[in-house]
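Colleague: I have a structure I would like to understand better, so I am pasting it below and will then ask my questions one at a time.
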Amino acid sequence: MSDIIRKFTRNVPEWRPRVVPVKLKDATQEQLNALKVTPSNTKVSGYVLTLAHDVESLAVRSPLFNAIMYDRGGMSRAERELGALGASMVNHCIYCAAVHADRHAKLTRDTTVTDALFASGEEADLSLRDQAIFDFARKSAEAPPTAGPEDIEALRNAGLSGEEIFDLILSSALFGWANRLMHVLGDPVPQKVTV
């Protein structure tokens, strides 16, 4: 287990499942139907292929994931990624933290926020809005959650609308759950560098 990654990075690691993923060539029609709507609507990851063992859950999970993370309106995509990052950091989910930090940096074309978070965690020097988003996501993903009315008020004071706050609640809650599932199903391992 010494090759498991233990620190946060924007370099997305490989994810090694502990349960053998469904092979597309051997998938049942039900599994193929559930796999049609992948989280990013692009490729089918090893993680999603692992989740395909439970067709009923996957058929609900992927459209829900897409609606929470990619729906138009409300909170920006970059801020949803920041919410997912906050949840992933508090849960020590190296893989998800890397994915969401990388997406946040690409969407904003700036690594300042993720650099600060990875260097200083909760003590990072962020804008009022980013700090309120990160703090809420982190607190709502703790076990038990510690986010309260004062955190909602901090979000409002930072300029978030009710719709944006609701999107943040959804993105941080989604990853509070997804991180825990990912921890049990597999491990992040460094990408192999080919020369």
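Colleague: Taking the condition of being crowded, with 17+ Cβ neighbours inside 10 Å and either free of Cβ contacts under 8 Å to residues at least 60 places away in the same chain or not in a helix (DSSP H, G or I) (or both), how many residues in region 150-164 meet it? Explain how you work it out, then say what you get.
Modeller: Just the residues of region 150-164 that are crowded, with 17+ Cβ neighbours inside 10 Å, to begin with: 151-152, 154-155, 158, 160, 164.
Add one more test, that the residue is either free of Cβ contacts under 8 Å to residues at least 60 places away in the same chain or not in a helix (DSSP H, G or I) (or both), and what stays is 151-152, 154-155, 158, 160.
Number of matching residues: 6.
Colleague: Could you pull out the residue among E122, E30, E81 that is touching a Lys or Arg at 6+ places or on another chain (Cβ under 9 Å), part of a helix (DSSP H, G or I) and surrounded by fewer than 22 Cβ atoms within 10 Å (Cβ to Cβ)?
Modeller: Details: E30 fails: touching a Lys or Arg at 6+ places or on another chain (Cβ under 9 Å); E81 fails: surrounded by fewer than 22 Cβ atoms within 10 Å (Cβ to Cβ).
After applying the criteria, what remains is E122.
Rundown of residues vs (1) of a type outside the set (D, E); (2) touching a strand residue (DSSP E or B) at 6+ places or on another chain (Cβ under 8 Å); (3) surrounded by 14 or more Cβ atoms within 10 Å (Cβ to Cβ), yes/no style:
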position: G86; (1), (2), (3): yes, no, yes
position: M89; (1), (2), (3): yes, no, yes
position: H92; (1), (2), (3): yes, no, no
position: Y95; (1), (2), (3): yes, yes, yes
position: D102; (1), (2), (3): no, no, yes
position: T111; (1), (2), (3): yes, no, yes
position: A137; (1), (2), (3): yes, no, yes
position: T146; (1), (2), (3): yes, no, no
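Colleague: Do the conditions hold for M69, that is, is it in contact with a Lys or Arg (Cβ under 6 Å, 6 or more places away or on another chain) and either in a loop (DSSP other than H, G, I, E, B) or of a type in the set (A, V, I, L, M, F, W, C) (or both)?
Modeller: Working: in contact with a Lys or Arg (Cβ under 6 Å, 6 or more places away or on another chain): yes; either in a loop (DSSP other than H, G, I, E, B) or of a type in the set (A, V, I, L, M, F, W, C) (or both): yes.
Criteria met by M69.
Colleague: Quickly run through region 48-66 and pick out the residues that are outside any helix (DSSP H, G or I) and either among the hydroxyl-bearing types (S, T, Y) or open to solvent by 20 Å² or more (accessible area, probe 1.4 Å) (or both). Explain how you work it out, then say what you get.
Modeller: From region 48-66, those outside any helix (DSSP H, G or I) are 52-54; that's our starting set.
Of everything in region 48-66, those that are outside any helix (DSSP H, G or I) and either among the hydroxyl-bearing types (S, T, Y) or open to solvent by 20 Å² or more (accessible area, probe 1.4 Å) (or both) turn out to be H53, D54.
Colleague: Of (1) within 18 Å of C96 (Cβ to Cβ); (2) surrounded by 19 or more Cβ atoms within 10 Å (Cβ to Cβ), E142 satisfies all except one. Which?
Modeller: The single condition E142 does not satisfy is (2).
Colleague: Next question, about the same structure. Residues of region 68-125 being modelled with pLDDT of 95 or more and at positive phi, which ones?
Modeller: Passing the criteria: only R109.
Colleague: From the residues in region 52-75 that are free of Cβ contacts under 8 Å to residues at least 60 places away in the same chain and of a type in the set (G, A, S), which one is nearest to T114 (Cα to Cα)?
Modeller: A67
Colleague: Can you tell me how many residues within region 165-186 are out of contact with any Gly (no Cβ under 6 Å at 6 or more places or on another chain), open to solvent by less than 60 Å² (accessible area, probe 1.4 Å), under 15 Å from M89 (Cα atoms) and of a type outside the set (A, V, I, L, M, F, W, C)?
Modeller: So the answer is 2.
The values are calculated or read from the model by the stated rules, or taken from the named source; none is laboratory data. Nothing here was measured: the structure is a model prediction, and the numbers come from that model. Note that each Cβ is placed from the backbone with ideal geometry, even for glycine, and that neighbours are counted across all protein chains shown. Side chains included, ligands, DNA and RNA excluded: accessible areas come from the protein's heavy atoms. Shrake-Rupley method; radii C 1.70, N 1.55, O 1.52, S 1.80 Å.
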